[in-house]
Amino acid sequence: MNGVHLTLRELHKGERALEKALLAAAERHHTEHEIHHVAHDLARWSHEHTTRITEAAQHYALDLSGPSDHPAPGPLATLREKAADTVGRRPEPGLLLLRDLRDLHLAAAENSLHWEMLAQAAQATRDDRLLQLASACHPQTLRQMRWTNTMIKNLSPQLLTTVGVGKE
Amino acid sequence: MNATGDRIANPWGERTPYEPGSAWAARTDVRLREGVGEDEVERWVPSASLLHSNGDAMDIAVHGGRIAGVRGRAVDRVNRGRLGPKDLYGWQAGASPDRLTRPMVREGGRLVECDWEHAMGRVVARTKELLEEQGPSAIGFYTTGQLFLEEYYTLAVIARAGIGTHHLDGNTRLCTSTAAEALKETFGCDGQPGSYDDVDHADVIALFGHNMAETQPVLWMRVLDRLEGAAPPRLVCVDPRPTPVARRAAVHLAPRAGTNVALLNALLHEIIRSDRVDHDFVAAHTVGYEELAARVEECTPRWAADVCDVPAAAIEAAAEHLGTAERLLSTVLQGVYQSHQATAAAVQVNNLHLIRGMLGRPGAGVLQMNGQPSAENTRECGADGDLPGFRNWQNDEHVADLARIWNVTPDTIPHYAPPTHAMQMFRYAEQGTLRMLWITGTNPAVSLPELSRIRSVLTDERLFTVVQDLFPTETAQLADVVLPAAAWGEKTGTLTNADRTVHLCDKAVEPPGEARSDLDILLEFAARMDFRDQDDRPLIRWTDAESAFEAWKRCSAGRPCDYTGITYDRLRAGSGIQWPCTDRAPEGTERLYTDGITWAHPDTCESYGKDLVTGASVEPVEYRSLNPDGKAVIKAAEYLPPHEDTTPDFPLQLTTGRTLYHFHTRTKTGRVPELNAAAPEVWAELSAAEAADHGLAEGDLVEVATPRGAVRARLRVTAIRDGMVFLPFHYGYWDTPEGNHPADDKAGRAANETTITDWDPVSKQPLFKTAAARITLVEHGDGTPAPAPTVTASAPVQEGVSGR
């Protein structure tokens, strides 16, 4: 096991986890419609990344499991969406949303750093396959980060300054 | 005096054929009240259409103190005297007996009439209470695309500098925000590049999701006149419905809903593959070409054929027309703007023009169209989620400039995040953090998606709603305070159409009862709130429409939408003038970008752009390094599958749209006898094959259902693409016993009972044209056809189906 193996493993784990986290956030914030829909779109990128990492890993005698078959949280989903609908009429879930966006951002940032490491290792060893993989995937990871950052920036002013006011 | 004839049955009138480069002849359309002759008209008052975005100039006939009809103005550059059916008949709406004539406030659950003092007192008291308790974030304004420039500008100053809230947007969010966003993404700034005059010169006209025949009938008359003349243009039409445009097209592509980006990427692929690229133009005026070329490399017509369900050969044929055009005019509307990946698709049309060098010369232009008559003004005045004068909220210099004009400190104007868009405002209201919503001239209880949700927000006791309108609309019925407003013809102001033409609408008659102009109402609110500038003088010092216009001119100076060369006198003496109109361009400006891209520089641009998939903002530093010289930005986009796709339970794609005879939620057109009779009741459209599969026939009563709700309608069998059901969105409940909602446990009449709450992450425009539905039989018809128009996109396939 060398550094490239280690990085591919970390990325595989990180992209799988991010896909799952995006889908979970999409469901938890079902009543935040933009979050719900865009998180699904962005989860697809992480899914593709996991597939590509797994394919690439085979060339390094590394057997990774690939994307999860059921990254979405399953039958409980409907129940949680219903729960989201019920609490969706209160301001407090806004704070939970900001926390989730922060966690998604940090998860994407971790992946981004691993892509950076992989790209550097690829350049140092003139490994075109790895470099191509990193060049294809890393920009989308950065876009995932910019999205969470933008949503936090746009939503924070309202969500952080209004909780606790106007209770009946 | 109605020489113009029956323009319900013959909406586009007689032809005046012409050839490329020659002038479009005048044809004066007139319609007057029965018994009034043209020579008996006491006054003709200058005005322009307020029932669509074309900006057709007309004069209002006044007889006996009442509006007695309209006459198209032959000298005007936009319509050369022509009028569409909504204008020829629509002027009657203002005289409807059920106009709101007194303010109303909610008392014990009921709306009761009161005087202005009481109603305004209540609005002001609640505003002050909320400012005290929570601050500006509690207060939001939801306006329209149907007021005048002077009213939007006043509203923008009240909201941004008076209250200091982020929450001001227009229903233009539903109709035109993608047009604005696409222009910002490509050209760094809003502003229509092309001109209607381009129709006179084009050899290919491509209409993307734009049923021009019904949305801008006078512009379509112009195209029809070209089609009948020598050297007619070739039309390329992208539309899933058999529109009048599709029937005249050389190539008609009817893609699956939600696949516009795939289709456009394939068209761009073909242009690049066949090297119909203007490389000199690309090098001189753009950045980003390589990224686009790489992005569309794999997007072959064969690939897109599978995604879009259109023949690859048809895509190739369309690309051949686009690629060989010498003067290409493209127009874009709701089929793109209200569909999945709205901005990404609209931007690809801009890209088509950039890579072909089709910009800034006669016949070569882009028209990112508007839906509503004064949507352009909502945008430029900053009443739509932008800062006034196309200023950039991320650029501190722009905010400081605005603060200087208003004589306030820059931190008075919220600019730490983008202005809140309408869908987000309703979300904040749903959460209970936005607690007052002042709605001017629009009807969200019918026009927003997923109406059961919208009704629950509007009726939530935590939300104080003020509704300012002409009629007791569905929304007004749910309000806490209702303010009666003056209508078109009863007040003065300007409006600007989709090709930047500014028209003056003068007051012709008095408003009924105690109704007041929207401007007066807003000015009184500002006075009662006692908004002050930093020298403790009143923040708003204008007192009427003309002085508001002069104030706006100062705000527009030096920006792309520069009005400084326009005066009320000039507009009265002549007719429409296209902005920018300045000392240097006193006659106005026909086309933008005739000599390079002018408003994309990092220091002057309105926006640094967004990610076309995620909507994430591009940061200033990033933009500066990408586009240091302010060229047009070619932005590529990948195709994403629609968010709501068909399933075995909901096997049909649902799309909603409009008909020629109605506007918005029928508030006016439903009260005009001729227009109402032309399309009196909601209907549903299905193809013949799809109808047969479902065991359905013309005139059957059906239910169209989605996970959100259902609509009950008579079925019209048309040549719409298979697998799709269409519902017109105009119909609501004001003329039903329930008044503002469907009968309990029954399917509704409003298409938006069924639509999904989803919006384009870039432009924030709701998606009314990408959802999944099922259709079921309620009862077979008795052979009577559906109550749908027959000369438009809803034309029946079955011969012998009559009606209008």
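Here, each number is a calculation from the coordinates, and none is a lab measurement. Because the structure is predicted, anything quoted here is derived from the model rather than measured. FYI the Cβ positions are ideal-geometry reconstructions off the backbone, even for glycines, and counts take in every protein chain you see.
Table for the structure above
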| read-out | value |
| --- | --- |
| Calculated [θ] (222 nm, deg cm²/dmol) that DSSP helices of n ≥ 4 give over chain B, each run adding -39,500 (n - 2.57) | -7500 deg cm²/dmol |
| Debye equation applied to the C-alpha atoms of the stretch B:697-741, log10 I(q)/I(0) at 0.14, 0.20, 0.21, 0.34 Å⁻¹ | -0.43, -0.82, -0.88, -1.27 |
| Cα gyration tensor category, rounded, prolate or oblate, for chain B with a/c compared to 1.5 | rounded |
| Rounded to whole Å, sorted largest first: equivalent-ellipsoid semi-axes of the protein assembly as shown, Cα gyration tensor | 41, 33, 30 |
| Dipole-positive endmost among B:Thr165, B:Gly576, B:Ala637 within the protein assembly as shown (Cβ charges, Cα centre) | B:Thr165 |
| Amide H contacts under 5 Å for B:Arg516, placed H, 5+ residues apart | B:Ala485, B:Ala486 |
| Average beta carbon contacts from partner chains per residue of B:429-442, 10 Å cutoff | 3 |
| Spatially near lysine pairs across chain B, Cα under 16 Å, sequence gap of 8 or more or different chains | 8 |
| Cα-centre dipole for chain B with unit charges at Cβ (Lys and Arg positive, Asp and Glu negative), debye to 20 | 720 debye |
| Lys, Arg +1 and Asp, Glu -1 on Cβ, resulting dipole of the stretch B:652-779 about Cα centre, debye, nearest 20 | 460 debye |
| Percent RCO, i.e. relative contact order, over chain B, from Cα pairs under 8 Å lying at least 6 residues apart | 18 percent |
| Charge-dipole axis of the protein assembly as shown as Lys and Arg at +1 and Asp and Glu at -1 on Cβ define it, positive-most pick from A:His30, B:Ala305, B:Val251 | A:His30 |
| Residue-by-residue Karplus 3J(HN,Hα) for the stretch B:771-781, coefficients 6.51, -1.76, 1.60, Hz, glycine and proline x | 8, 10, 8, 10, 10, 9, 7, 9, 7, 5, x |
| 5 angstrom amide H check on B:Arg43, placed H, neighbours 5+ away | B:Val62 |
| Cα gyration tensor category, rounded, prolate or oblate, for the stretch B:652-779 with a/c compared to 1.5 | rounded |
| Relative contact order, percent, the stretch B:280-404 [alpha-carbon distance under 8 Å, six or more residues apart] | 19 percent |
| Amide H within-cut-off set for B:Thr494, under 5 Å, with H built and near neighbours excluded | B:Leu149, B:Glu150, B:Cys505 |
| Unit charges on C-beta of K, R, D, E only; dipole of the protein assembly as shown, Debye | 260 debye |
| Residue (of B:Pro737, B:Val349, B:Thr144) at the positive-pole extreme of the protein assembly as shown, dipole from beta-carbon charges | B:Pro737 |
| DSSP H segments from chain A that extend 20 Å or more along their own axis, Cα-based, with Kyte-Doolittle mean of -0.5 or above | A:3-28, A:93-124, A:128-162 |
| Size descriptor, Kirkwood hydrodynamic radius, that averages inverse alpha-carbon separations across the stretch A:3-162, Å | 16.5 Å |
